[in-house]
Amino acid sequence: MIPESFIQELLGRIDIVDVVGRHVTLKKAGANYSACCPFHSEKTPSFTVSPAKQFYHCFGCGAHGTSIGFLIEYSGMGFIDAVKDLAQGVGMVV
């Protein structure tokens, strides 16, 4: 089991805008970023990424979460694999 302290340190070191931006084209919208949701079909953007709060949320389908949750939902990774992938990117060892 991965300690909660490790998860919190990892989430503190990564930027969700970078993580989501690798998979989705984000556009600056005020303090946040927006895009069409990668989890359902839509014509106008309802997917928002908040760099200040480090989470994503879709007002269309209700998808939301952290960088770890995004990788799990978008890439189909398991929790451990998502944590390892993000940790490797910032030089942390699980």
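The values are calculated or read from the model by the stated rules, or taken from the named source; none is laboratory data. Everything quoted here is computed from the prediction, not taken from an experiment. Reconstructed Cβ throughout: ideal geometry from the backbone, glycine too, with neighbour counts over all protein chains shown. Surface accessibility is based on the protein's heavy atoms, side chains included, excluding ligands, DNA and RNA. Shrake-Rupley method; radii C 1.70, N 1.55, O 1.52, S 1.80 Å.
Sequentially through region 32-41, phi angles give Karplus couplings (6.51, -1.76, 1.60; θ = phi - 60°) of 10, 10, 9, 6, 6, 5, x, 9, 7, 7 Hz, Gly and Pro residues having no value and appearing as x. Remark: spin-label model distance residue 4-residue 92 equals 1.5 nm, labels positioned 7 Å along the Cα→Cβ axis.
Taking trypsin sites (Lys or Arg not before Pro) as exposed when DSSP calls them loop and at most 15 other C-beta atoms lie within 10 angstrom, the chain has its longest site-free stretch at 54-94.
Given +1 at the Cβ of Lys and Arg, -1 at the Cβ of Asp and Glu and no other charges, the dipole of the chain around its Cα centre is 320 debye to the nearest 20.
Here's the picture: charge each Lys and Arg Cβ at +1 and each Asp and Glu Cβ at -1 in region 1-93, and of 71, 52, 12 the one pushed furthest to the positive end of that dipole is 52.
Amide H to amide H distances under 5 Å link residue 63 with 58, where only residues 5 or more positions off or on other chains count and H is placed in the peptide plane. Extension gain for residue 77 to residue 25 (0.36 nm times residue separation, less C-alpha to C-alpha distance): 16.7 nm.
For the chain, the mean projected area of the C-alpha convex hull, equal to one quarter of the hull surface, is 5.9 nm². For residue 61 and residue 41, the difference between the fully extended length at 0.36 nm per residue and the C-alpha to C-alpha distance is 6.2 nm.
In whole percent, and with a 1.4 Å probe on the protein chains, what portion of the accessible area of the chain is carbon and sulfur?
54
A simple spin-label model places the labels of residue 52 and residue 11 1.8 nm from each other, with each point 7 Å out along Cα-to-Cβ.
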